[in-house]
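Structure first, commentary second.
Laboratory data are not the source of any read-out in this text; all were calculated from the coordinates shown. Model, not experiment: these values are computed from the prediction. Cβ atoms come from the backbone with ideal geometry, glycine included; neighbour counts cover every protein chain shown.
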Amino acid sequence: MSQYLDLIEKIHTSPFRFVIVSSGGGTNAISEILKVPGASKSVLEAYVPYAKESLDYYLLKQPDHYCSLGTTLSMAAKAYSAAKKIDPQTNPKNLLGVAVTASLATNYSKKGEHKFFIAIQTYKYSSSFSYSFTKGELTREQEEQTVTDHIIKALAESCGVQKNIITENSSLVVKTVEAEKSWVQLVDSKIDFVSSSNRVPELIFPGSFNPFHSGHNSMSELAEKKTGLGLAYEICIQNADKPPLSYHEIKQTLKQFDHGHEWVLTKAGKFTDKAALFPNSVFIIGADTLTRILDEKFYLNRKDMLAQLDLFNSHNINFLVFGRKINNTFISLDSVTIPDHISKRFSGFGEEIFRDDISSTLIRKEQA
C-alpha cells in the first residue's frame, strides 16, 4: 500500500480538482495518486508530454529550456486554464494546475545538473518548488522518489490537507506569488484590462518583454518623438498562441516598468481585440508581428481576414512599424504587402533610422 495513502485520500476528499502535467519525471507521483480509490473526484486529467516534440506541441512553442522554472510555470498556468475548461461547474477557487519538469539520472552521463521543478497555479497564487540534487549521490529510482514525495506534499498543501509540509533547505527553493485582486478579475474576464494609471492609453507597445531590452527602449523613444503621445506597454496575459502567464511571470514582467513607465495588462490576444479595447490608438509593432497580423491561417479565410482587418478603420487604429530580422533577412514595412483598404493605417521607420537585431530570446539564452 502506498506510503502516501493518508495524504492522497485526503486530497481526493478535498473540494479541489486538478490537471497535472509531467515531463521528464514525476510519472510515479501520477501513478501513486491514481491508484488510491477516489482519484476521479480530484484528478481531471493527467498528461505526460515526455518527448521534446510533445512538450513543444503542448506549450505551442519550443521552450528555451525543457527543464526549467519558467517552462514549468507555463505548463502549470496552461494546466489551470485547462481545468477551468474541463470542469466549468467547479468554482475556479477549487481548481489547480500542477506541473513538473525533471532532469534525473539516466543510463548515460549527463552534462547538466540533476534537478526538478514543480509549479502549482491556482485562482489567487502561483507556487514553485525548485530542487537541485547532488550529482551522483542518488540513483534514478531515489531521485524519482524525491520528485514523487515533493509533488504529493505540494498538492496536499494546495488542497488544504496539511500546512507547512514542505520547508526550504539547501536543495530546495520555494516561492509563492500572490495575485493582485485586479489580476484575478482580469483572469476571470470581470474587467477588460488593468492599468498602471488612470490615463487611457493612446500609444501602445504590445509585447511579452521577457526581458525588456535596449531595442524596446529605442523603439519607444522614436515612437513617442514621432507621435507626441504618452506610451504604455501592453502585456497580454492569455494569448491564443502562447500559454497563459503565471502570477510569477506577471510580477516579474511588471517589475521591469517600476521606474515611471506606464503599462496595461489585457487578455486581448489578437490586434482586432486590442483595437476594440483601445480605439483611436497607435500601436508599435515589429515587421514580424505585421506578417502575423496579415497571415490568413489565423482567420477563417481571406474574406474573414479582410473583414476583421477593417476594424482598424472603424476604430481609427494606426500602426508604427519597425523593421525586424526574420530568418536572417531584415524585413521592413516596404517588404510587406498590405491590403489596400487598410494600407494608410501603417507607417514605418527605415533601416537607416532604426535597426537593432537584439531579441529577448537571445538574451534569455545568454543569461542561462
Over the chain, what lengths in whole Å, largest first, do the semi-axes of the equivalent ellipsoid take, defined as the square roots of 5 times the eigenvalues of the alpha-carbon gyration tensor?
42, 23, 19
I'd like the Karplus ³J(HN,Hα) series for the range 154-159: coefficients 6.51, -1.76, 1.60, θ = phi - 60°, whole numbers in Hz, and an x wherever there's a Gly or Pro.
5, 4, 4, 5, 5, 8
Label points 7 Å out from Cα along the Cβ direction at residue 297 and residue 185: separation in nm?
3.8 nm
Please report the antiparallel percentage of DSSP beta bridges with both residues in the chain, rounded to the nearest 5.
45 percent
Which GluC sites (Glu not before Pro) from the range 138-186 combine a DSSP loop assignment with at most 13 other Cβ atoms within 10 Å?
168
Restricting the range 1-69 to chymotrypsin sites (Phe, Trp or Tyr not before Pro) in coil, as DSSP defines it, with at most 11 other Cβ within 10 Å
none
So residue 199 and residue 91, fully extended at 0.36 nm per residue minus their Cα-Cα distance, gain in nm 35.5 nm
Please compute, over every Cα-Cα pair in the range 194-262, the percentage with a separation greater than 13 angstrom.
67 percent
Between the modelled labels at residue 31 and residue 10 (7 Å from Cα along Cα→Cβ) the distance in nm is 2.5 nm
Along the Cα-to-C-beta direction of residue 53, a point sits 7 Å from the Cα; which residues of the range 11-31 have their amide N less than 20 Å from that point?
22-25
Give me the number: length gained by fully extending residue 306 to residue 164, i.e. 0.36 nm times residue separation minus the C-alpha to C-alpha distance, one decimal in nm.
45.6 nm
Short to long, in 10 Å steps from zero, the percent of alpha-carbon pairs of the range 1-120 per bin is 14, 42, 33, 11, 1
Percent antiparallel among DSSP beta bridges with both residues in the range 184-367, to the nearest 5?
25 percent
In the range 28-154, how many lysine pairs have Cα atoms under 20 Å apart, counting only pairs 8 or more places apart or on different chains?
24
Rounded to whole Å, give me the distance from the Cα center of the range 221-274 to that of the range 1-42.
37 Å
Write down the percent of antiparallel bridges among all DSSP beta bridges whose residues are both part of the range 1-150, to the nearest 5.
55 percent
Net lengthening on full extension, residue 226/residue 241 (0.36 nm per residue, minus Cα-Cα)
2.3 nm
From phi via Karplus (6.51, -1.76, 1.60), per-residue ³J(HN,Hα) for the range 187-193 in Hz, x at Gly/Pro
4, 7, 6, 7, 10, 8, 7
Determine ³J(HN,Hα), in whole Hz, for all residues of the range 263-268 in sequence, where each value follows from phi through the Karplus function 6.51 cos²θ - 1.76 cosθ + 1.60 and θ = phi - 60°; x replaces Gly and Pro.
9, 9, 9, 9, 10, 7
Largest-first principal axis extents of the Cα set of the range 67-174 (Å):
47, 26, 20
Here, residue 137 and residue 318, labelled 7 Å along Cα→Cβ, have an inter-label distance in nm of 6.2 nm
When each pair of different Cα atoms in the range 184-367 is counted once in the 1/r mean, what is the Kirkwood radius in angstroms, to one decimal?
17.1 Å
Within the set 83, 223, 276, GNM on the chain using Cα springs under 10 Å gives the largest fluctuation to 276
Just to confirm the filter: which trypsin sites (Lys or Arg not before Pro) across the range 152-215 are DSSP coil and have at most 14 other Cβ within 10 angstrom of their Cβ?
163, 190, 199
